[in-house]
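What follows is one structure encoded as structure tokens, with my remarks underneath.
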Amino acid sequence: ELDETGAEALPRRTPAPAWLPARKGEEGDFCLRSSDCAAGLCCARHFWSKICKPVLREGQVCTRHRRKGAHGLEIFQRCQCAEGLACRLQRDPGPPDASRLHTCQRH
């Protein structure tokens, strides 16, 4: 297809922002959303920016949010538990609720 000057018309595309990497982010790379990160990573707040962090595995400490929206208040966010795991109160021997620690556990 030719334009009015006879030159070949190029498709118009909006260029990607210069800061946007061509590849998926690795652990520690800056990100805006989890889809910016490689498999097994999520985009989570670290101080006042966001970086790719590993998704939590079985037995790792996780954060349980009681109120909707509380996740946004943290300056050191953790990723969610991996698929098939849930963030639950750690079961320790001793008095119930002695530990408030939550870990990723199988459903």
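Would a scan of segment 78-100 turn up a residue that is in contact with a helix residue (DSSP H, G or I) (Cβ under 9 Å, 6 or more places away or on another chain), open to solvent by less than 70 Å² (accessible area, probe 1.4 Å) and modelled with pLDDT of 80 or more? Working first, answer last.
Initially, segment 78-100 is screened for residues in contact with a helix residue (DSSP H, G or I) (Cβ under 9 Å, 6 or more places away or on another chain), giving 79.
Okay, now just the ones that are also open to solvent by less than 70 Å² (accessible area, probe 1.4 Å), so 79.
Next, from what is left, pick out any that are modelled with pLDDT of 80 or more: 79.
For segment 78-100, residues in contact with a helix residue (DSSP H, G or I) (Cβ under 9 Å, 6 or more places away or on another chain), open to solvent by less than 70 Å² (accessible area, probe 1.4 Å) and modelled with pLDDT of 80 or more: present.
When you scan segment 41-48, do you find a residue that is open to solvent by 100 Å² or more (accessible area, probe 1.4 Å), at pLDDT below 95 and not in a strand (DSSP E or B), even just one? Before the answer, list the steps.
If we filter segment 41-48 for residues that are open to solvent by 100 Å² or more (accessible area, probe 1.4 Å), which is where we start, we get 48.
Subset that is at pLDDT below 95: 48.
If we keep only those that are not in a strand (DSSP E or B) too, we end up with 48.
Checking segment 41-48: at least one residue is open to solvent by 100 Å² or more (accessible area, probe 1.4 Å), at pLDDT below 95 and not in a strand (DSSP E or B).
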**OP:** Would you be able to say whether some residue in segment 52-69 is assigned to a loop (DSSP other than H, G, I, E, B), modelled with pLDDT of 85 or more and aliphatic (A, V, I, L, M)?
**Re:** yes
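Across segment 25-39, what is the total count of residues that are among the charged types (D, E, K, R) and open to solvent by 90 Å² or more (accessible area, probe 1.4 Å)? Break it down stepwise before answering.
Going through segment 25-39, the residues among the charged types (D, E, K, R) turn out to be 26-27, 29, 33, 36.
From what is left, the residues that are open to solvent by 90 Å² or more (accessible area, probe 1.4 Å) are 26-27, 33.
Residues in segment 25-39 being among the charged types (D, E, K, R) and open to solvent by 90 Å² or more (accessible area, probe 1.4 Å): 3 in total.
The values are calculated or read from the model by the stated rules, or taken from the named source; none is laboratory data. Keep in mind it's a predicted model, so treat the numbers as computed, not measured. In this analysis, Cβ positions are derived from the backbone assuming ideal geometry, glycine residues included, and neighbour counts consider all displayed protein chains. Surface areas here come from the heavy atoms of the whole protein model, side chains and all, with no ligands, DNA or RNA. Shrake-Rupley method; radii C 1.70, N 1.55, O 1.52, S 1.80 Å.
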